[in-house]
Amino acid sequence: MKVAAKMFNITPPVGLSIGGNVRADDKSRGIHDDLFCNTVYFENEDQEFLFLSFDLLCLMADQCDDIKKRISESTGISTKNIMVNATHTHSGPDTSEIFKTKRHDDAVAYLNNTFSMIAEEIKDIKLKACDCDVFCAVSDVYDLSFNRRLVMKDGSIVMNWNPVDPEDVKGTTGPIDPALTVFQCVCKSTSKVLAFMVNFTLHPAILVGKDWLYSRDYIHYLTIKLQEAYGSETVVWFSNGAEGNINHLNYKDHHQKRGFEEARRIGEKLAEYVKKSLFNKRLLPNKLKSVSSTVHLPYRQLSNEIIQNAKQLWDACGGVYPSLLDGVPDEVYAREILTLAQMDQDTLEVGIQGVMLGDVLFVNFPGEVFVEFALEVKRKAKAAHTVVVGLADGYVGYIPNQAAFEQGGYEIKTAQSSKLSETAGNVLVDEVLKLVGSF
């Protein structure tokens, strides 16, 4: 197996809006740590595949298609053999149209310049590929991530960022995905670690635009610790799993921090888990294959009553809404509903991919999917191990399970960030499993 890896600094100019929360004053004021696009290229016999991970809140489908096309023209790698994901940091630039009427012009310009730079500087990546041993290590981590949907003793559903008395909490609506999957690419001729690929399911929303500074959130500290141990040129590609209902907040710990100190704690601890997992790493067989397709996910239907209520609320607020650290103001939801009401489509077409690296299967989820769906794919997929890459090849918003629609809560509130029907997750799982069944 031949491997090449490159990292690109994609830190935006200060002054762009920060994505990940909704507040009137959302302009960035500085840089806590740089943002990156990390890439890992694999080649085996006549097969090749390129993974790109952007330190951004999300990338929409057309944006993913744009960078894939540019890289394909630059390198000759087919767009079907490229997977693009966002790490989902809530302290990066706001590059989408989520929770606003259109994309910010300065963010559009930023992405255009960033994509041009990457396409130019990645054109020699095939020439940089060297023979590598690719190892995989899998372990379970239970103390960093939590299902954020709490079930109270009175039967109500409360998000875990709300203050609660632990004695009043019955449990959570669902599980977490504890799997930490690590790939280590070691050059045979130099014995250097070219790259790590780390997949873990945890919202990078510890900071949420803390101090209006750009940051990779806990991924920054994860990367620093691994580069300190294995070399500053080691590329650390990171992907989230199905983190739609998973975050870092432990409702039992009222002393838990929310700022950079907490991001450091989680990132450095995750790095230690990565290093410990390598004691049980195994060499992957030299196998590489990919497949891709499209799936049509059904949109949510909006009643006339919902639309009229939204119009009344939006008109009443006069376009002025409160700023929140967590969650979204009702007034913004009203505007989102009015935007969705203008759409004349029943389904949304999204791309799905499957990649077999050795005997490990990668599949993409193009949004913030509930963890239950990832666990189902992992149970049913025919592979030694399965990695779910969330927020990959597009962003369709949240995909909650059917139970969540009955329970209520943040993720099912209708908006551009949650616009699909309650059956969308089942459709996605069925189509992904059908696609990768060809392996």
- prompt: If only one of ALA404, ALA384, ALA392, ALA424 is surrounded by fewer than 21 Cβ atoms within 10 Å (Cβ to Cβ) and among the aliphatic types (A, V, I, L, M), which one is it?
  reply: ALA384
- prompt: Quick one: SER72 ticks every box in (1) within 21 Å of SER323 (Cα to Cα); (2) without any contact (Cβ under 8 Å) to a residue 40 or more places away in the chain bar one, so which box is it?
  reply: (1)
field: Residues of region 21-33 classified as over 19 Å from VAL320 (Cα atoms), out of contact with any strand residue (DSSP E or B) (no Cβ under 6 Å at 6 or more places or on another chain) and surrounded by 17 or more Cβ atoms within 10 Å (Cβ to Cβ), total
entry: 1
query: Across region 78-124, what is the number of residues that are closer than 29 Å to GLU48 by Cα and either without any contact (Cβ under 8 Å) to a residue 40 or more places away in the chain or not assigned by TED's automatic domain parsing to the domain that holds GLY30 (or both)?
result: 6
- request: Please verify whether region 315-331 includes one or more residues that are within 28 Å of MET83 (Cα to Cα) and touching a helix residue (DSSP H, G or I) at 6+ places or on another chain (Cβ under 6 Å).
  value: no
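Residue-wise test of (1) more than 27 Å from GLU121 (Cα to Cα); (2) not acidic (Asp, Glu).
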| residue | (1), (2) |
| --- | --- |
| ILE10 | no, yes |
| LEU16 | no, yes |
| ARG23 | yes, yes |
| LYS27 | yes, yes |
| GLY30 | no, yes |
| LEU35 | no, yes |
| VAL40 | no, yes |
| GLU43 | no, no |
| GLN47 | no, yes |
- request: Just one of (1) touching a Gly at 6+ places or on another chain (Cβ under 8 Å); (2) modelled with pLDDT of 95 or more; (3) under 27 Å from LEU180 (Cβ atoms) trips up LEU433, so point out which.
  value: (1)
message: When the residues of region 397-439 are narrowed to those that are of a type in the set (Phe, Trp, Tyr) and part of a helix (DSSP H, G or I), which ends up farthest from ALA310 (Cα to Cα)?
response: PHE405
task: Name every residue in region 117-163 that is among the hydroxyl-bearing types (Ser, Thr, Tyr) and touching a Gly at 6+ places or on another chain (Cβ under 9 Å), in order of residue number.
output: SER156
query: If you go through region 96-110 one residue at a time, do you hit one that is surrounded by 22 or more Cβ atoms within 10 Å (Cβ to Cβ), at pLDDT below 95 and under 18 Å from CYS37 (Cβ atoms)?
result: yes
In region 271-287, the residues that are among the polar types (S, T, N, Q) and in a loop (DSSP other than H, G, I, E, B): ASN286
- prompt: Does TRP212 satisfy being closer than 30 Å to LEU420 by Cα and among the aromatic types (Phe, Trp, Tyr)?
  reply: no
field: Identity of the residue in region 313-372, in a loop (DSSP other than H, G, I, E, B) and either of a type in the set (Lys, Arg) or free of Cβ contacts under 8 Å to residues at least 24 places away in the same chain (or both), that ends up surrounded by the most Cβ atoms within 10 Å (Cβ to Cβ)
entry: PRO322
- request: Kindly check whether there is at least one residue in region 58-65 that is without any contact (Cβ under 8 Å) to a residue 24 or more places away in the chain and either in contact with a helix residue (DSSP H, G or I) (Cβ under 6 Å, 6 or more places away or on another chain) or assigned by TED's automatic domain parsing to the domain that holds ARG103 (or both).
  value: yes
- request: Could you tell me whether VAL141 is more than 25 Å from the chain's Cα centre (by Cα), surrounded by 12 or more Cβ atoms within 10 Å (Cβ to Cβ) and of a type in the set (A, V, I, L, M)?
  value: no
- prompt: Somewhere in region 30-49, is a residue touching a Cys at 6+ places or on another chain (Cβ under 8 Å), assigned by TED's automatic domain parsing to the domain that holds LYS192 and of a type outside the set (D, E, K, R)?
  reply: yes
message: Filter region 151-190 down to the residues that are of a type in the set (Val, Ile, Thr), in a loop (DSSP other than H, G, I, E, B) and either within 23 Å of LEU202 (Cβ to Cβ) or at pLDDT below 95 (or both) and list them by number.
response: VAL164, THR173, ILE176
- request: Taking ASN280 as meeting all but one of (1) out of contact with any Pro (no Cβ under 9 Å at 6 or more places or on another chain); (2) surrounded by 16 or more Cβ atoms within 10 Å (Cβ to Cβ); (3) at pLDDT 95 or above, write down the number of the exception.
  value: (2)
Restricting region 43-60 to residues that are within 21 Å of LEU222 (Cβ to Cβ) and of a type in the set (Phe, Trp, Tyr), the residue that is farthest from the chain's Cα centre (by Cα): PHE51
task: Sort out which residues of region 191-217 are assigned to a strand (DSSP E or B) and of a type in the set (Gly, Ala, Ser), and write them in order of number.
output: ALA195
- request: Report yes if ASN364 is among the polar types (S, T, N, Q) and over 24 Å from CYS136 (Cβ atoms), otherwise no.
  value: no
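The values are calculated or read from the model by the stated rules, or taken from the named source; none is laboratory data. Worth saying up front: this structure is predicted, and the values here are computed from it rather than measured. Cβ atoms come from the backbone with ideal geometry, glycine included; neighbour counts cover every protein chain shown.
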